[in-house]
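Q: First the structure, then my questions, so here it is.
The values are calculated or read from the model by the stated rules, or taken from the named source; none is laboratory data. Predicted model only: the values in this text are computed from it and were never measured. Positions of Cβ are generated from backbone atoms using ideal geometry, with glycine treated the same way; all protein chains shown enter the neighbour counts. Areas reflect the complete protein model, heavy atoms only, side chains present, ligands, DNA and RNA absent. Shrake-Rupley method; radii C 1.70, N 1.55, O 1.52, S 1.80 Å.
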Amino acid sequence: MRTYPLRESDLLVTLFTRAEGKVKGVARAAKKSKRRFGGALEPLTLVRVYYDDREGQELARIDSCDILDSPLSHELDYARVAALEHVAELLDELLPEREVNDAVFRLTHAVLRSLQSGPIWMPLTYFQLWLVRLVGFLPELSECVVCGSSLEGHRAFYHALVDGVMCPQHKRLASSELSPESRALAERMFCAPVESFAACTSASGVGSRPGEEIPHPTKRRLDGAPANADLRKFLVRIVERHLEKKLVTATMLEKLATSN
């Protein structure tokens, strides 16, 4: 997921493994050894990694890596790099060390494939939504957290200091609205793989099933530009509230979205 310089030629590496969850280790002479590592330690590269755990040592010793798939083998632009960095930051911040989570691993693998081409926003929304749900942070979206009334067919609001959504009667000052279209999109995302949303990137199709139109007066989407931004903002606020700090990559993506 990430690498950090360690001494003259070593790297401190954070891996997300299927068998052992998040693992931190040291890749000796990684800056010099192209034969053992090459581009295998680039962020979000899928690799087969060989490492040793030594008794009494917190960090594993990473011996070598074989590249299975790399973001560098596909076309990259600033938006895609920002999206990949966001995925890496969320995983690094939300996953505890050495805790196996096959569901998150499979989610990440599927979303990274979807991020190889096309607009980034739908795969990112899918990843944020499912990750927040899998780590147990996602509140109920169909009822008011204050009074418990159903929000079906009604407006819903969220606030940075509230763990849930609220009806118009109980919303706080400076609350933001979570649109019915975004709430409906979330429900559909819970029922379908990320690949099924690849076609949902046009002006009429964002936030809908492929081929189904859902009008939304605030969408500006002829080129795959950001749609359902309120859902992504809502999910980021949930994560930041639990982490008690800002996500660096969320700011990057917000600036990117407003520039489109």
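Q: Which one of GLY207, GLY224 is in contact with a Gly (Cβ under 9 Å, 6 or more places away or on another chain), within 24 Å of ALA83 (Cα to Cα) and modelled with pLDDT under 95? Give the derivation first.
A: Numbers: GLY207 fails: in contact with a Gly (Cβ under 9 Å, 6 or more places away or on another chain).
Among GLY207, GLY224, only GLY224 is in contact with a Gly (Cβ under 9 Å, 6 or more places away or on another chain), within 24 Å of ALA83 (Cα to Cα) and modelled with pLDDT under 95.
Q: Okay, moving on. Which one of these is at pLDDT 95 or above and of a type in the set (Asp, Glu): GLU213, GLU195, GLU240?
A: Details: GLU213 fails: at pLDDT 95 or above; GLU195 fails: at pLDDT 95 or above.
Just a single option satisfies the conditions, and that option is GLU240.
Q: Another question about this same structure. For LEU72, all conditions in the list (1) over 23 Å from LEU11 (Cβ atoms); (2) in a helix (DSSP H, G or I); (3) among the aliphatic types (A, V, I, L, M); (4) open to solvent by 60 Å² or more (accessible area, probe 1.4 Å) hold save one; what is the number of the exception?
A: Single failed check for LEU72: (1).
Q: Another question about this same structure. Using beta carbons and a limit of 8 Å, which pairs, at least six apart or on different chains, have the first residue in region 38-59 and closer than 13 Å to ARG28 by Cβ and in contact (Cβ under 8 Å) with a residue 24 or more places away in the chain and the second one open to solvent by less than 100 Å² (accessible area, probe 1.4 Å) and of a type in the set (Val, Ile, Thr)?
A: Close Cβ pairs satisfying both conditions: LEU41/THR3; LEU41/VAL13; TYR51/VAL23; TYR51/ILE62; LEU59/VAL26.
Q: With the requirement that a residue be in contact with a helix residue (DSSP H, G or I) (Cβ under 9 Å, 6 or more places away or on another chain) and either open to solvent by 70 Å² or more (accessible area, probe 1.4 Å) or in a helix (DSSP H, G or I) (or both), what does region 182-198 give you?
A: The first filter runs over region 182-198 and keeps only residues in contact with a helix residue (DSSP H, G or I) (Cβ under 9 Å, 6 or more places away or on another chain), leaving 182-183, 185-186, 188-190, 193-198.
The answer is SER182, ARG183, LEU185, ALA186, ARG188, MET189, PRO193, VAL194, GLU195, SER196, PHE197, ALA198.
Q: Continuing with this model, one more query. From SER149, SER117, which residue is of a type in the set (Gly, Ala, Ser) and either under 18 Å from LEU231 (Cβ atoms) or at pLDDT below 95 (or both)? Write out each step before concluding.
A: Numbers: SER149 fails: either under 18 Å from LEU231 (Cβ atoms) or at pLDDT below 95 (or both).
Exactly one of SER149, SER117 is of a type in the set (Gly, Ala, Ser) and either under 18 Å from LEU231 (Cβ atoms) or at pLDDT below 95 (or both), namely SER117.
Q: Is it the case, given these coordinates, that LEU124 is out of contact with any Pro (no Cβ under 6 Å at 6 or more places or on another chain) and either at pLDDT 95 or above or surrounded by 14 or more Cβ atoms within 10 Å (Cβ to Cβ) (or both)? Spell out the reasoning first.
A: Details: out of contact with any Pro (no Cβ under 6 Å at 6 or more places or on another chain): yes; either at pLDDT 95 or above or surrounded by 14 or more Cβ atoms within 10 Å (Cβ to Cβ) (or both): yes.
When the stated conditions are applied, LEU124 passes them.
Q: Suppose we filter region 12-35 for residues that are assigned to a strand (DSSP E or B) and open to solvent by less than 50 Å² (accessible area, probe 1.4 Å); how many remain?
A: 12
Q: Counting just the residues of region 75-95 that are open to solvent by 60 Å² or more (accessible area, probe 1.4 Å) and part of a loop (DSSP other than H, G, I, E, B), which one comes out farthest from ARG18 (Cα to Cα)?
A: Step by step, filter region 75-95, then rank; the result is ASP77.
Q: If you take the residues in region 36-52 that are modelled with pLDDT of 90 or more and open to solvent by 30 Å² or more (accessible area, probe 1.4 Å), which one is nearest to LEU84 (Cα to Cα)? Give the derivation first.
A: Step one: of region 36-52, the residues modelled with pLDDT of 90 or more are 44-52.
After this cut, where a residue has to be open to solvent by 30 Å² or more (accessible area, probe 1.4 Å) as well, the list is 46-52.
Values: LEU46: 13, VAL47: 16, ARG48: 19, VAL49: 20, TYR50: 24, TYR51: 24, ASP52: 28 Å.
Residue satisfying both the conditions and the ranking: LEU46.
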